[in-house]
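The values are calculated or read from the model by the stated rules, or taken from the named source; none is laboratory data. As the structure is a computational prediction, the values presented were derived from the model and not from experiment. In this analysis, Cβ positions are derived from the backbone assuming ideal geometry, glycine residues included, and neighbour counts consider all displayed protein chains. Note: accessible area is taken over every heavy atom of the protein model, side chains too, but ligands, DNA and RNA are not part of it. Shrake-Rupley method; radii C 1.70, N 1.55, O 1.52, S 1.80 Å.
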Amino acid sequence: MAPREVFSSTASNPLGRPKGLWSALHLDPILLFLLIALISSGLFVLYSGADRNLDVVKAQGVRFAIAFVVMLVFAQLDPSVFRRWAPWLYILGLAGLVAVLFMGVGAKGAQRWLALPGLPRFQPSELMKLVVPIMAAWYLSRHFLPPRLSRIGVGLVIVLLPMLLIVRQPDLGTSLLVGMAGLFVVFFAGMSWKLIGAFLAMVSVAAPVMWFFGMRDYQKQRVLTLLDPQSDPLGAGWNIIQSKTAIGSGGFDGKGWLQGTQSHLEFLPESHTDFIVAVLAEEFGFVGILLLLSVYFLIILRCLFISVTAQDSFSRLVAGALTMTFFIYVFVNVGMVSGLLPVVGVPLPLVSYGGTSTVTLMAAFGILMSIHTHRRMISA
């Protein structure tokens, strides 16, 4: 059993001074300001990406309002609450994923949603982006770190089980994000480079097997399209060709807001969801992309600071995993829109139009703020 960390009972106020507003609300003002800047610019671009449809912007604004309330609620909870409830949330999440396979609601060839009486339709897989890293951190932080090989094996099972259920829906993009969130916990817990090398070797060996026996035809087509989008320019390659055209035509400073031809003439599909960064690049050019990525960089930097200053193993593992998962969101979306990665349906965080993913992301930031603002001074 790992040695217990002893803290005083005064949270966020170790010297006994009166709490300020931010401490009382358990919010980090720097992170909050960066999130508001990102969301505001996202709504600005969304109006253009949705072809000036104000109803879409209003709907997204309502989602952000709900997401902010969720973030505020999560920020009030002490990290010990997440640690205590981790196993039950994990079991509940697995039950939700199993329920999706038998009674899920289908759309666009996928069965990913649950529609329970009295509740809005939701994706259990989105919740697992939070639950899996929390569960993995709960298990590994209960023992001495770095973990032994047997405990790493249990940690990997915790991660792989929901991944396999999500792949069955099918939802490869969400499955990869859930898997990465859990694997980051295992990595941060002290996984040796030898084990990492062995794991990568196993993935390399398994890749051909997955290609022939595990991947569906449309998933194989996405990989082939990445390698040669011109092989089917009017079919599978259309999205990426139009996206790259939009990005390239933006030049240094873009064509101007609402002046993008690829999106407004309906050449660019999903212009307000997965491919919204192409709209930004066309209308605001390299300058716009640089500013957007700078905001993302500052958010990630602040979250990493929260992670390294966390005062117990569980909090450090959770904060680090959630931060790197947010980075993967950005990296995968920008990579697929620019033709560097296959199209896997990962939205641009807090910019693309969406509901469940927005709430999940803001809940993650609420957990990060909770970890930062509930720090206690070590007394002995």
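Yes or no: the stretch 112-121 includes at least one residue that is closer than 21 Å to T360 by Cα, open to solvent by 10 Å² or more (accessible area, probe 1.4 Å), of a type outside the set (A, V, I, L, M) and in contact with a Phe, Trp or Tyr (Cβ under 6 Å, 6 or more places away or on another chain). Yes, that holds for at least one residue. In the stretch 48-67, the condition of being hydroxyl-bearing (S, T, Y), open to solvent by 40 Å² or more (accessible area, probe 1.4 Å) and farther than 21 Å from L322 by Cα is met by no residue. Every residue in the stretch 1-49 that is among the charged types (D, E, K, R) and at pLDDT below 50, please. Scanning the stretch 1-49 gives R4, E5, R17. Filter the stretch 315-350 down to the residues that are in a loop (DSSP other than H, G, I, E, B) and open to solvent by less than 10 Å² (accessible area, probe 1.4 Å), then identify the one that is nearest to Q60 (Cα to Cα). Checked the stretch 315-350; the qualifying residue nearest to Q60 (Cα to Cα) is L350. Are any of the residues in the stretch 300-313 within 26 Å of Q169 (Cα to Cα) and either part of a loop (DSSP other than H, G, I, E, B) or within 17 Å of the chain's Cα centre (by Cα) (or both)? Checked against the condition, which is being within 26 Å of Q169 (Cα to Cα) and either part of a loop (DSSP other than H, G, I, E, B) or within 17 Å of the chain's Cα centre (by Cα) (or both), the stretch 300-313 yields no hits at all.
Exactly one of (1) at pLDDT 85 or above; (2) surrounded by 20 or more Cβ atoms within 10 Å (Cβ to Cβ); (3) among the aliphatic types (A, V, I, L, M); (4) over 22 Å from the mean Cα position of the chain (by Cα) is unmet by V287. Its number? V287 satisfies all of (1) at pLDDT 85 or above; (2) surrounded by 20 or more Cβ atoms within 10 Å (Cβ to Cβ); (3) among the aliphatic types (A, V, I, L, M); (4) over 22 Å from the mean Cα position of the chain (by Cα) except (2).
Quick check: is even one residue across the stretch 166-173 in contact with a His (Cβ under 7 Å, 6 or more places away or on another chain), of a type outside the set (S, T, N, Q), part of a helix (DSSP H, G or I) and over 14 Å from P133 (Cβ atoms)? There is no residue in the stretch 166-173 that is in contact with a His (Cβ under 7 Å, 6 or more places away or on another chain), of a type outside the set (S, T, N, Q), part of a helix (DSSP H, G or I) and over 14 Å from P133 (Cβ atoms).
Looking at the stretch 271-279, is at least one residue closer than 28 Å to V178 by Cβ, modelled with pLDDT under 95 and surrounded by fewer than 22 Cβ atoms within 10 Å (Cβ to Cβ)? Yes, some residue in the stretch 271-279 is closer than 28 Å to V178 by Cβ, modelled with pLDDT under 95 and surrounded by fewer than 22 Cβ atoms within 10 Å (Cβ to Cβ). Within the stretch 351-369, the residues that satisfy the criterion of being more than 9 Å from the chain's Cα centre (by Cα), among the small types (G, A, S) and buried (at least 23 other Cβ atoms within 10 Å of the Cβ) are S352, G366. Residues in the stretch 68-103 that are closer than 18 Å to L31 by Cα and either open to solvent by 20 Å² or more (accessible area, probe 1.4 Å) or of a type in the set (V, I, T) (or both): how many? Within the stretch 68-103, residues that are closer than 18 Å to L31 by Cα and either open to solvent by 20 Å² or more (accessible area, probe 1.4 Å) or of a type in the set (V, I, T) (or both) number 8.
Consider the stretch 229-265 and keep the residues that are small (G, A, S) and at pLDDT below 70. The one that is least open to solvent (accessible area, probe 1.4 Å) is G237.
Selection of the stretch 191-221 for residues being under 24 Å from the mean Cα position of the chain (by Cα), at pLDDT below 75 and β-branched (V, I, T) yields only V203. Restricting attention to the stretch 178-193, the residues that are out of contact with any Leu (no Cβ under 9 Å at 6 or more places or on another chain) and open to solvent by less than 10 Å² (accessible area, probe 1.4 Å) add up to 1.
Residues in the stretch 135-188 that are out of contact with any helix residue (DSSP H, G or I) (no Cβ under 9 Å at 6 or more places or on another chain) and of a type in the set (A, V, I, L, M, F, W, C): F144, V157. In the stretch 151-174, the residues that are open to solvent by 40 Å² or more (accessible area, probe 1.4 Å) form Cβ pairs under 7 Å with partners that are hydrophobic (A, V, I, L, M, F, W, C) and outside any helix (DSSP H, G or I), at six or more places apart or across chains, as follows: L172/V344.
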